[in-house]
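Enquirer: Sharing a structure with you now.
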Amino acid sequence: MAHDRTDGDTFPMTHEFLSMMLGVRRAGVTVAAGGLQKAGYIRYEQGRITIADRPGLESVACECHAIVRREFARLLATG
């Protein structure tokens, strides 16, 4: 969702910020980001995430991402 709102494939995002935003321990973010990086969906270094394979990342995301994306677009179109 952060990628949807940025002007590129690389943006600042720390594990600490993600853990606070998601309400999980930082260690859990580290494990999840490591898995996404190993699969080739993202690259992560020094507080910056690069989306390397957007279609692949979307394929492993829950269906809620598409729902939120459509609703966001609908709200902006009528606002």
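Enquirer: Evaluate E = 1/(1 + (r/R0)^6) for Met1 and Arg43, where r is the Cβ-Cβ distance and R0 equals 25 Å; express this FRET efficiency to the nearest 0.05.
Expert: With a Förster radius of 25 Å, E is 0.85.
Enquirer: Can you give the extra length, in nm with one decimal, that the chain gains between Asp53 and Ala77 once fully stretched, where that is 0.36 nm per residue apart less the Cα-Cα distance?
Expert: Once the chain is fully extended between Asp53 and Ala77, it gains 5.9 nm.
Enquirer: For a quick check: with amide H placed at 1.01 Å from N, whose amide H comes under 5 Å from Ala52's, ignoring anything fewer than 5 positions away on the same chain?
Expert: Ile42, Arg43
Enquirer: Counting only C-alpha contacts under 8 Å and six or more residues apart, can you give the relative contact order of the chain as a whole percent?
Expert: Relative contact order comes out at 27 percent.
Enquirer: If amide H atoms are built 1.01 Å from N in the plane of the peptide, which residues on other chains or at least 5 residues away come under 5 Å of the amide H of Ala39?
Expert: none
Enquirer: Ignoring ligands, DNA and RNA, what percent of the accessible area of the chain is carbon or sulfur (1.4 Å)?
Expert: After summing per-atom areas, the C and S share lands at 60 percent.
The values are calculated or read from the model by the stated rules, or taken from the named source; none is laboratory data. Treat the numbers as computed from the prediction; the structure is a model and nothing was measured. We place every Cβ from the backbone using ideal geometry, glycine too, and count neighbours over all the protein chains shown. When the accessible area is computed, the model is the full protein with side chains, heavy atoms only, and any ligands, DNA or RNA have been set aside. Shrake-Rupley method; radii C 1.70, N 1.55, O 1.52, S 1.80 Å.
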